[in-house]
Amino acid sequence: MVAKKTPGTAAAADTSAVPAARLAATAEPGDLAVRPGEDPWTAAEVDEARGELQSETERLRTEITSSEEALAGLMRDSGDGAGDDEADTGTKNITREHEMALAANAREMLTQTERALERLDAGTYGRCENCGEPIGKARMQAFPRATLCVECKQKQERRY
Ligand SMILES: [Zn+2]
């Protein structure tokens, strides 16, 4: 039997073009929240905020490292406190507590700064984490790490 050359069933190639999906990957500067009456964020202003947050991140990391080194030194010193009198030990304890408080504070600020950068990328920067209202561009420029609007911030502070 001779194999007959069967013309390949010309499968209609599916060429229906898929519309280029509009990817909302990067948030547009103009999408960031502002208060009524404020001008939208410009790309330059977003860059400035980002730059400030990034250099703040660097500064805090350095601060945390030197704080940790100072603490390690203090811990070492307290080990051989044979020659210290009580006042000396007391001073060292205060210094250590102070140093620990500084490090904790710097870590907290670093977390906030990193979160602000994430929010900047996600396009939620400038929106109050509590009520969802715009925090306001002026406030964000004064406090780039702000996560709460003035009203929510005041409410939070009154609780303490
Ligand atoms: Zn709020």
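Quick notes on this structure:
- Condition check for Glu97: closer than 24 Å to Thr65 by Cα and of a type outside the set (Lys, Arg): yes
- Checking Lys92 against (1) open to solvent by less than 80 Å² (accessible area, probe 1.4 Å); (2) touching a residue at least 12 places away in the same chain (Cβ under 8 Å); (3) under 30 Å from Pro40 (Cα atoms), the condition it does not meet: (3)
- Scanning the range 100-112 for residues that are surrounded by 14 or more Cβ atoms within 10 Å (Cβ to Cβ) and more than 11 Å from Ile64 (Cβ to Cβ) yields Met100, Gln112.
- Yes/no for Glu38 being within 16 Å of the ligand (Cβ to nearest atom), touching a strand residue (DSSP E or B) at 6+ places or on another chain (Cβ under 9 Å), closer than 23 Å to Gln154 by Cα and not in a helix (DSSP H, G or I): yes
- Taking every residue in the range 128-145 that is touching a residue at least 24 places away in the same chain (Cβ under 8 Å) and hydrophobic (A, V, I, L, M, F, W, C) and pairing it with any residue that is outside any loop (DSSP other than H, G, I, E, B) and near the ligand (Cβ under 7 Å from one of its atoms), at least 6 positions away or on another chain, the pairs with Cβ-Cβ distances below 8 Å are Cys128/Cys152.
- Residues that are over 30 Å from Gly37 (Cβ atoms) and more than 16 Å from the ligand (Cβ to nearest atom) number at least 3 in the following helices (runs of 4 or more DSSP H) confined to the range 51-160: 86-122.
The values are calculated or read from the model by the stated rules, or taken from the named source; none is laboratory data. What you see is a predicted model, and the numbers here were worked out from it, not measured in a lab. FYI the Cβ positions are ideal-geometry reconstructions off the backbone, even for glycines, and counts take in every protein chain you see. Quick note on the areas: whole protein, heavy atoms, side chains included, nothing else; ligands and nucleic acids left out. Shrake-Rupley method; radii C 1.70, N 1.55, O 1.52, S 1.80 Å.
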